C-alpha cells in the first residue's frame, strides 16, 4: 500500500551518510517491535529515547538483545556520531536537540500528546503519533498548527489507522467509491459496560497471574473490548479521509470476508448502512454467543474496505473478473488486509515522511469524534477514570452530533468530576463535569470545538 522504491532510497541515504535520526517517547510494547527490526533498516537510527522510567527503556533494549553499549550514550550528539542511543527521562530534550529529525510519540497519553504536538511545532520537528488517543481528541487542530509550522504530524504505520488510510487511498485512486471501511474486533453483547477486572485478561486468553506478574494494565485491555479503542481508531481514519460515523455508533456486525459486501451496503439494497461512506467495525465472532464462537473467514486483526462501482455492465464484469468478494447486486465488493503488524511496520512512516515529505495518514478533517458514554449510573462527586475504566466508554459519533451535544471527548475524560446525576448509557457533556480550565489539552480541545462550530455553522 505504500510507494515503491523506499528501500532503495534508504540504502542511498545510508551510503551518503544522510541518516534519518529518530527520537522515541515511551518505550513499551509498540516500540520494542520496531527496534527489534531496526538493524535491518538502512539509513535509520534511533538516536534518543525519552522514558519517565529509564530503567524500563533499558529493559526493553535488553529484551530485544541490544548490547549495553548500544544504549549507553551520554548525549544525543554522542549517540548520533557512534550509532548508539541515548536514554533520558525528559521528552522535551528530544525536541530541543539538533541531532534528532523525527520524533515518535508512543505514550498513548492524550494529555502528553498535546504537549508533544506543541513542542513539535515550536521546534519544527516532524512528529509521528502512535498516540491516536490524542489525535482522536485534538488531531484536527494539531494538524492545522503543524501546517502553519511547516512540519508533518503523521499516523504511524504498524498502527491500524495508517494502513486503513492507505487502503482507502488505494481504492479511491483505482476509481472506487468507499461505501465503508474498518476492521474486525472481537465483541460480546454487554462489552460496552465491561469493567477493567481480571475478566479482561481471561477474555484475551491470558493467565491472570501471569498478566499481573508482567504488569499488564487491565484498563488498557478493557478499552480493546468496551468499544473505546475501536471508536478511536475509526475516528482518526475518518478524520484523515473525510469519511463519517454510522448512525448509532459502531455495530460489530458478525461478518466474514465474503459477507462484507452484503452487510456493509445501503439498507435499500438489503444491507445494514443508513449512511454511505462510513467507518465501521465488524466482529470476527458472533456477539450473542461470545468470543469463542468464530465467524468463518473473519480475521481477528484484519482491516477491510467495501467498495462501490456504478451499474455499467463493463464495470461489474471487471470487478467480478478481479475475484473480489461481491454482493448480490454486483455493485459492492470488498478488499481486505488480514494482519496487524504493530511496530514491525513503523519504519515505513519516517522513511516516507523523510523521502516523500508526506504523512502516512494525517488528521485533516473534523468529521467524527469519540464521545464519553456512562457505563453505569454516576453520582455527583465521582471521578471519571478514563479509557477502559469503570465509569465510561467511548462511542463513535459524527463531529456535528458531538458538537451539538457538547460531549466530553473520551480521551480527555480521565480525572474529571461528575457534578450531575447521570444514568447508564448517557452521553457525558461538559455541563455534567468539573474540569481543569487551565490544562493545555482541555484549552486546545475547547478552542477546536469553537473553531469548528463556526466553520460548520453549529
When the convex hull of the C-alpha atoms of segment 127-166 is computed, what volume per residue in Å³ does it have? 65
State, in angstrom, two size descriptors of segment 181-231 derived from its alpha carbons: Rg to one decimal place and Dmax to the nearest whole number. 11.3, 38
For segment 396-458, what is Rg from Cα atoms divided by 2.2 N^0.38 Å, rounded to two decimals? 1.13
Please work out the Cα center distance from segment 105-167 to segment 13-76, rounded to the nearest Å. 20
Please report the antiparallel percentage of DSSP beta bridges with both residues in the chain, rounded to the nearest 5. 50
Taking 323-334, 404-415, 199-210 and ranking on average Cβ neighbours within 10 Å, highest first, one gets 404-415, 323-334, 199-210
Taking the beta-carbon count within 10 Å as an exposure proxy, list 33, 309 from fewest neighbours to most. 33, 309
Peptide ranges 268-279, 173-184 listed from the most packed, as the mean C-beta count within 10 angstrom indicates: 173-184, 268-279
Counted neighbours (other Cβ, 10 Å), sorted fewest up, put 305, 237 in the order 305, 237
To check my understanding: the extent here is largest minus smallest coordinate of the Cα atoms along each principal axis. What are those three numbers for segment 225-355, in Å, largest first? 44, 43, 26
Computed over segment 345-458, the Cα gyration tensor eigenvalues, each multiplied by 5 and square-rooted, give semi-axes in Å (largest first) of 30, 17, 13
Given the convex hull of the Cα atoms of segment 120-244, what is a quarter of its surface area in nm²? 9.9
By the C-alpha gyration tensor axes a ≥ b ≥ c (rounded if a/c is under 1.5, else prolate when a/b exceeds b/c, else oblate), the shape of segment 131-201 is oblate
The chain - mean residue ellipticity at 222 nm from DSSP helices (-39,500 (n - 2.57) per run, n ≥ 4, rounded to 500): -10500 deg cm²/dmol
Is segment 1-127 best put as rounded, prolate or oblate by its Cα gyration tensor, with a ≥ b ≥ c the root eigenvalues, rounded for a/c under 1.5, and otherwise prolate when a/b is larger than b/c, oblate when not? rounded
Using the C-alpha gyration tensor of the chain, what are the square roots of 5 times its eigenvalues, in whole angstrom, with the largest one first? 34, 28, 22
Mean separation of Cα pairs under 8 Å and 6+ residues apart, divided by the residue count of segment 368-456: what relative contact order is that in percent? 34
The relative contact order of the chain, taking Cα pairs under 8 Å that sit 6 or more residues apart, comes to a percentage of 16
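Taken together, the values in this text are just the output of simple stated rules run on the coordinates, not laboratory data. Only a predicted model underlies this, so the values are computations on that prediction, with no experimental measurement involved. Quick reminder, even Gly has a Cβ in these numbers, built from the backbone with ideal geometry, and neighbours come from all protein chains shown.
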